[in-house]
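Reviewing the structure listed below.
The values are calculated or read from the model by the stated rules, or taken from the named source; none is laboratory data. Worth saying up front: this structure is predicted, and the values here are computed from it rather than measured. Here the Cβ is made from the backbone with ideal geometry for all residues, glycine too, and neighbour counts use every protein chain on show. Note: areas computed on protein heavy atoms with side chains; ligands, DNA, RNA excluded. Shrake-Rupley method; radii C 1.70, N 1.55, O 1.52, S 1.80 Å.
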Amino acid sequence: MPTNNNPELPAALLVTPITPATGGNGLAMRAGLLLEALQRDHRVQVWRVPTAGGDEGAGQIVAPLEVDPGWALAQRAGPQARRRLGRPELCRFATHRAVRELQQAIDGVSFQTTLVFRSYLLPFVMPLGRKGGKIGPSDLGLRVVDLDDDETATRQRLAALLHAAGDSQGAQREALEAELFQSFEDQHLAWAHLLLSAQREHSRGLRTRFESQRAEDLRVDVLPNAIDTQAWGRLEPTVRSPPEPLRLLLVGNLGYAPNQAAAQELVGDLLPALRARGHEVEIRIVGRHPPRGLLELGDRTGVTVWPNAPDLEPHYAWADQVVLPLRAGGGTRIKILEAFAAGVPVVSTRLGAEGLEVTSGEQLLLAESADELAEASSRLAGNPGQSQRLLAAARLWVRRHHDRRTIADRLADRLADRLADRLAERLQARASASGSGV
């Protein structure tokens, strides 16, 4: 997406692990939301550390991806050395060379706002504020960190998922990452003037951890994930009666372990449970980067795997229900927001809908075990009136609470307010110093 280069506007720096976008990958959509908010009042320079891949974007500064030698040594030495180093794995590319290149690229620019997307990119930016160090000072202005996700909780859940699957080595690795994220963020997040999170519960925990330390300098806000509800609203939802065969859809990044487990459960447990209830069922699993084991699910009768689909609208238009048997993960589910806006009823675990302030029976149906999910899906299939009520309520709800333009404007307003607060704080500090004769 284009950046605003109006020279009359103050400058902002966006540091992101992925190219901002308006659709597709959920992380890219979050980055796109941040960029859209910054562009309202700033000309924006995007600095991308491509840890999450993504397409090239015009006008970006791209960090070199080379592993920090200190991190590599600690990794070989084992968990205790990693703990002493105190950085999660995703920080491993923050080399002196990368930071120097950033400094050179922005030399002479004074930023009114610097927004860092995801805490693991802080080591690229924090040295720029040093006074008299080798890197040299930089004026970063208002310092904002968008955490998006509770990385500690997400890694803990991944550890539990891998442990249950018999992958003890993977479980230990994720448990260590959870520990490292907790200690790393405890140490470094107080660098910011404003912290953002997609989840209200996570934001409450951040306030407890940080606002008490820096009551005058640090604020915490909720920034919900958002979608272009007008674009999705082009779809005309229809409720088939009866929905036979029952068409179930799962959409997500299929390279992500929780989504892989959800797909396996959908085919391995929910599909036979629904057939035992007398339904003919068809399943579509749609997403990027499916491993071989997931592609092989497409060999089963009634199951189709669509890797790297360029357009999701035909799949939502096909589906009778979106079913999400998620058992791990974090953040808020953009794919549920898309299903709501597209007019497809949703059946999900509670964790699958985490971070969304929804009520089972009003906007969607929530259940836990595979059998309970199958029962909810079957009950919904047999009640077209309830399907119609759910999708109507869900569409209205997502337009009210997760519309992209509304959320971007809200963030832009919050940044402007926080900038005004910071200016008032500095003026007050100067007045106090002058009054005291300093």
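Things worth noting here:
- Pairs meeting the criteria (first residue in segment 150-177 and of a type outside the set (A, V, I, L, M), second residue surrounded by fewer than 16 Cβ atoms within 10 Å (Cβ to Cβ) and not in a helix (DSSP H, G or I), beta carbons under 6 Å, at least 6 apart or on different chains) are lacking.
Residues checked against (1) of a type in the set (A, V, I, L, M, F, W, C); (2) at pLDDT below 95; (3) under 26 Å from residue 223 (Cα atoms):
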{"site": "68", "(1), (2), (3)": "no, yes, no"}
{"site": "78", "(1), (2), (3)": "no, yes, no"}
{"site": "94", "(1), (2), (3)": "yes, yes, no"}
{"site": "117", "(1), (2), (3)": "yes, no, yes"}
{"site": "125", "(1), (2), (3)": "yes, yes, yes"}
{"site": "140", "(1), (2), (3)": "yes, yes, yes"}
{"site": "148", "(1), (2), (3)": "no, yes, yes"}
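- Some residue of segment 168-181 being in a helix (DSSP H, G or I), of a type in the set (Asp, Glu) and open to solvent by less than 70 Å² (accessible area, probe 1.4 Å): yes
- Any pair with Cβ under 8 angstrom, 6 or more apart, that starts in segment 284-298 at a residue that is without any contact (Cβ under 8 Å) to a residue 40 or more places away in the chain and ends at one that is of a type in the set (Phe, Trp, Tyr) and in a helix (DSSP H, G or I): 284/318
- Residue tally, condition open to solvent by 40 Å² or more (accessible area, probe 1.4 Å), in contact (Cβ under 8 Å) with a residue 40 or more places away in the chain and assigned to a loop (DSSP other than H, G, I, E, B), over segment 52-82: 2
- Residue within segment 13-24 that is open to solvent by 60 Å² or more (accessible area, probe 1.4 Å), assigned to a helix (DSSP H, G or I) and not small (Gly, Ala, Ser) present: no
- Consider segment 25-51 and keep the residues that are under 23 Å from residue 123 (Cα atoms) and assigned to a strand (DSSP E or B). The one that is most open to solvent (accessible area, probe 1.4 Å) is 45.
- Filtered by the rule that a residue be among the β-branched types (Val, Ile, Thr), in a loop (DSSP other than H, G, I, E, B) and closer than 23 Å to residue 25 by Cα, segment 267-313 gives no residues.
- The listed residues are 389, 399, 405, and the only one of them that is over 21 Å from the mean Cα position of the chain (by Cα) and open to solvent by 70 Å² or more (accessible area, probe 1.4 Å) turns out to be 389.
- The residues of segment 84-100 that are free of Cβ contacts under 8 Å to residues at least 40 places away in the same chain and open to solvent by 60 Å² or more (accessible area, probe 1.4 Å), listed by number, are 84, 85, 96, 97, 100.
- Matching residues in segment 353-374 - criterion: being in contact (Cβ under 8 Å) with a residue 40 or more places away in the chain and either outside any loop (DSSP other than H, G, I, E, B) or open to solvent by less than 10 Å² (accessible area, probe 1.4 Å) (or both): 370, 371, 373, 374
- Residue 311 passes every criterion in (1) open to solvent by 40 Å² or more (accessible area, probe 1.4 Å); (2) more than 22 Å from the chain's Cα centre (by Cα) apart from (2).
- Output for segment 275-294, where each listed residue is open to solvent by less than 80 Å² (accessible area, probe 1.4 Å), out of contact with any Leu (no Cβ under 6 Å at 6 or more places or on another chain) and more than 19 Å from residue 241 (Cβ to Cβ): 286, 291, 293
- Close pairs from segment 223-246: first among the β-branched types (Val, Ile, Thr), partner open to solvent by 60 Å² or more (accessible area, probe 1.4 Å), Cβ under 6 Å, at least 6 apart: 229/399; 239/388
- Among the residues of this structure, residue 115 does not count as one that is open to solvent by 10 Å² or more (accessible area, probe 1.4 Å) and closer than 23 Å to residue 52 by Cα.
- Boolean, residue 337 is buried (at least 22 other Cβ atoms within 10 Å of the Cβ), within 19 Å of residue 237 (Cβ to Cβ) and under 19 Å from the mean Cα position of the chain (by Cα): yes
- Pick from segment 152-161, criterion open to solvent by less than 30 Å² (accessible area, probe 1.4 Å) and among the aliphatic types (A, V, I, L, M), ranking: nearest to the chain's Cα centre (by Cα): 153
- Of all residues in segment 61-112 being more than 25 Å from the chain's Cα centre (by Cα) and of a type in the set (Asp, Glu), the one that is farthest from residue 49 (Cα to Cα): 107
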